[in-house]
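To keep things clear, I will list the structure first and then write my remarks on it.
What follows is calculated from the coordinates using simple rules that are stated; it is not laboratory data. Values in this document were obtained by computation on a predicted structure and should not be read as measured data. Neighbour counts run over all protein chains shown; Cβ positions are idealised from the backbone, glycine included.
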Amino acid sequence: MLKDVIRDDAGEKVFLLGNEAIARGALEAGVDVCAAYPGTPSSEILDTLSNACTLLRGRLDFYVEYSTNEKVALEVAIGASLAGKRGMACMKHVGVNVAADALLSFAYVGARGGLLLVSADDPTMHSSQNEQDNRWYGKIAKIPVIEASSVGELKEITKKCFEISEKFSLPIILRSYTRLSHASGVVTLGKLPNKKTEKVNWKKRPETDVLLPANARKLKPVLNKKIAEIEKFFNIWEMNWIEDGDGKIGIVACGLSYSYVKEAINNLKLKIPILKLSSAHPVPRKLVETFSSNLDGVLVVEEVDPFLELHLRAMGIETYGKMDGYLPQDYEYNLTIVEMGISKVLGIKPSIDYDESTSKREEMKNLAPSRPPVLCPGCPHTATFYAIRKVVKELGNACLPSDIGCYTLGINKPLEAVDITICMGASVGVSNGLAHVLKDRVIATIGDSTFLHAGIPALINAVYNEAKFVLVILDNLTTGMTGHQPHPGTGFKACGEKGKKVIIEDIVRGCGVDFVEIVNPYNIRRTIEVLRRALTHERVAVVIARQECAIIWARKRKEEGKIFPLVVTEDCDLCMECINTFTCPALIYDGKVRIDTTICVGCGVCSQICRKKAIKRKSEN
């Protein structure tokens with residue numbers, strides 16, 4: 001909880017979310033600048049800091065911003081580091097792809113003030129389009145990657161990362177993942193520093209800060225030397241340790257996997273040698289050699305890729321793990337998976353019959369009603385997608401690229417308004433290619449925050465290369481999927497202050513788009529009419545479907561006493577248009593069509609599409 005994150009009670013124990021623990025660690029480290037683009041499972045880090053910044057102002061000052069994308073967020077933190085201040089950028093794993101250009105180059109420059117990049121990986125892809133392992137970025141960029149084994153350790157390691165960054169003049173990647181970021185645990189509070197915001201004078205260092213090829217060639221050997229030095233440090237770092245045990249098979253456990261291993265061997269009533277690693281890269285080879293020297297082999301337990309396993313195999317160590325089937329290659333780990341892997345390597349039975357319990361769990365799961373993720377009651381995107389489907393039906397067919405956001409749920413029946421989703425901004429970029437090769441029309445959709453994140457360059461490309469397609473910007477005036485964080489189009493900044501509002505239609509026109517229309521998707525008839533006209537335009541056409549996110553909109557109306565749910569009257573003839581082509585969680589069919597008035601927000605869209613006008617507000621009935 002926020003009140004515990006900002007408590008100035010050193011030594012007290014509090015219960016925090018993993019992402020809150022990262023925020024607290026940054027505060028104890030005296031962070032100066034924090035920037036992020038929200039993305040699950042990382043969002044709560046900056047959400048916490050944005051709420052804390054006003055409450056701590058005057059005794060612990062720091063700057064917080066939601067940046068337009070992850071590359072910008074990292075560059076903001078880099079700017080702080082270059083000035084000798086401590087900077088932190090937070091993002092989900094795929095966000096590092098966006099930030100990679102700056103990351104790999106800044107490794108050559110080196111940190112002055114501590115520079116921390118938090119990468120929240122998402123094994124099992126709970127809310128992501130891939131399952132990449134961002135330890136590889138440490139390998140590619142030649143920078144350290146550090147992991148924690150528990151929520152409590154996560155706070156301590158966050159603080160230590162800034163110290164290590166400054167000690168070796170390197171940016172640090174702190175790798176978390178969903179099970180750690182969204183777990184809760186006991187955290188022992190350290191002291192919060194008293195710190196004012198003090199600006200400093202700029203010191204020119206063009207020989208390191210300007211990456212001309214001549215300078216970069218000199219900096220590459222320096223970077224290699226730094227990574228070699230930090231490997232020596234990791235060999236003796238207190239967050240890596242060896243635990244003695246019996247037998248000739250040991251376990252190397254990295255990050256959260258260490259916690260699974262400890263619980264698993266406790267269940268198995270074993271005492272096995274364990275090497276606990278918090279430094280995933282560079283691998284502390286001397287420590288690994290010391291651990292494995294008297295063993296016949298080691299089981300490597302790690303999340304996502306066989307990263308450590310490959311390194312240990314390259315060292316000539318007999319290794320068990322993902323590559324030989326002792327542990328699965330796919331999805332996140334848990335106690336069951338780890339205990340079964342240990343049992344398999346040792347040739348013993350698990351503490352319980354997990355196959356049987358898993359089978360029973362699947363049987364029980366089938367008894368529960370299916371609850372797939374759906375767009376919220378009153379979501380304006382549902383209305384927009386309904387209008388798009390109506391227009392597509394008139395065309396006969398169309399290609400419907402979409403993007404990353406809650407609106408990706410438009411893939412589901414009966415809307416079926418999403419054909420392609422690749423990555424942030426790709427709906428516009430992919431449409432550039434499709435427009436030149438398809439006979440069918442292309443109608444792309446993208447959210448307002450996503451458009452500002454990565455859609456603008458692709459839109460400029462469409463104008464320049466005369467790609468003909470319709471782009472619908474789903475503007476719900478917030479960053480909806482990740483928790484309603486502000487973005488430039490909202491006019492508010494991270495700490496709640498008003499900022500300069502960026503007008504999306506002005507950007508679109510500035511990109512050179514001739515056809516720009518704004519609709520309220522709750523007005524179905526007008527939305528359909530504008531989409532029809534947009535399809536006749538000979539170049540890229542942009543329709544901005546603007547209506548506040550239904551959660552925020554309904555919350556405001558509820559406070560004002562202005563929510564008027566709808567009901568289905570006796571005039572309903574069960575044509576099923578509202579159920580079969582529109583869909584809304586508030587609409588229910590159980591032999592007759594009715595509306596769940598406890599969740600209906602009263603947007604009125606269903607009443608517009610009802611052929612018999614059988615859906616009305618309670619007051620009209």
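In the chain, the convex hull through the Cα atoms has an average projected area of 31.9 nm², a quarter of its surface area.
How do the peptides 444-452, 422-430 rank, highest first, by the average count of neighbouring beta carbon atoms within 10 Å per residue? Let's see the in-between values first.
Numbers: 444-452: 28.1, 422-430: 23.0.
Top to bottom by mean Cβ count within 10 Å: 444-452, 422-430.
Pairwise inverse Cα distances across region 50-186, averaged and inverted, put the Kirkwood hydrodynamic radius at 15.3 Å. Three principal axis extents of region 241-357 based on alpha-carbon atoms, in descending order, are 41, 30, 22 Å.
Our summary gives region 50-187 a relative contact order of 24 percent, counting only alpha carbon pairs under 8 angstrom and 6 or more residues apart. Put simply, when 372-382, 522-532, 566-576 are sorted by average Cβ atoms within 10 angstrom per residue, most first, you get 372-382, 522-532, 566-576. By the Cα gyration tensor, region 2-236 has an equivalent ellipsoid whose semi-axes, rounded to whole angstrom, run 27, 21, 17 from largest to smallest. Annotation for region 310-387 versus region 262-298: alpha-carbon center distance of 23 Å. What is the angle, in °, between the Cα long axis of helix 550-559 and the longest principal axis of the Cα atoms in the chain? Nearest 10 is fine, range 0 to 90. Tilt of helix 550-559: around 70 degrees. The calculated 222 nm mean residue ellipticity attributable to helices in the chain amounts to -11500 deg cm²/dmol, summing -39500 (n - 2.57) over DSSP H runs of n ≥ 4 and dividing by all residues.
Only loop residues by DSSP count here, and only those with at most 13 other Cβ atoms within 10 Å; note down the GluC sites (Glu not before Pro) in region 211-242 that meet that. Here the GluC sites (Glu not before Pro) that fit, given the DSSP loop and packing criteria, are E238. Counting Lys and Arg as +1 and Asp and Glu as -1, what is the net charge of the other residues whose Cβ lies under 12 Å from the Cβ of G396? After counting each charged neighbour, the total is +1. Seen against the Cα atoms of the chain and their longest principal axis, helix 70-82 is set at about 40 degrees. What shape does region 68-123 take by its C-alpha gyration tensor, where a ≥ b ≥ c are the square roots of the eigenvalues and a/c under 1.5 counts as rounded, a/b above b/c as prolate, and the rest as oblate? In terms of gyration-tensor shape, prolate.
Ordering 164-174, 608-618 by mean Cβ neighbour count within 10 Å, with the highest value first, yields 164-174, 608-618. Does anyone have the angle between helix 426-435 and the longest principal axis of the chain? Alpha-carbon axes, 0 to 90°, nearest 10? For 426-435 against the chain, the angle is about 60 degrees. Bridging of K276 to aspartates and glutamates at a Cα separation below 13 Å is possible for E147, E153, E238, E243, D244, E302, once same-chain residues fewer than 8 apart are set aside.
What's the center-to-center distance, using Cα atoms, between region 81-126 and region 141-168 in Å? After rounding, the separation between the Cα centres reads 12 Å. Per residue, the average separation of C-alpha pairs within less than 8 Å and at least 6 apart gives the chain a relative contact order of 11 percent. How would region 521-621 be classified by its alpha-carbon gyration tensor: rounded, prolate or oblate, with rounded meaning a/c under 1.5 and the a/b versus b/c comparison settling the rest? Because a/c hits 1.5 or more and a/b fails to exceed b/c, region 521-621 counts as oblate.
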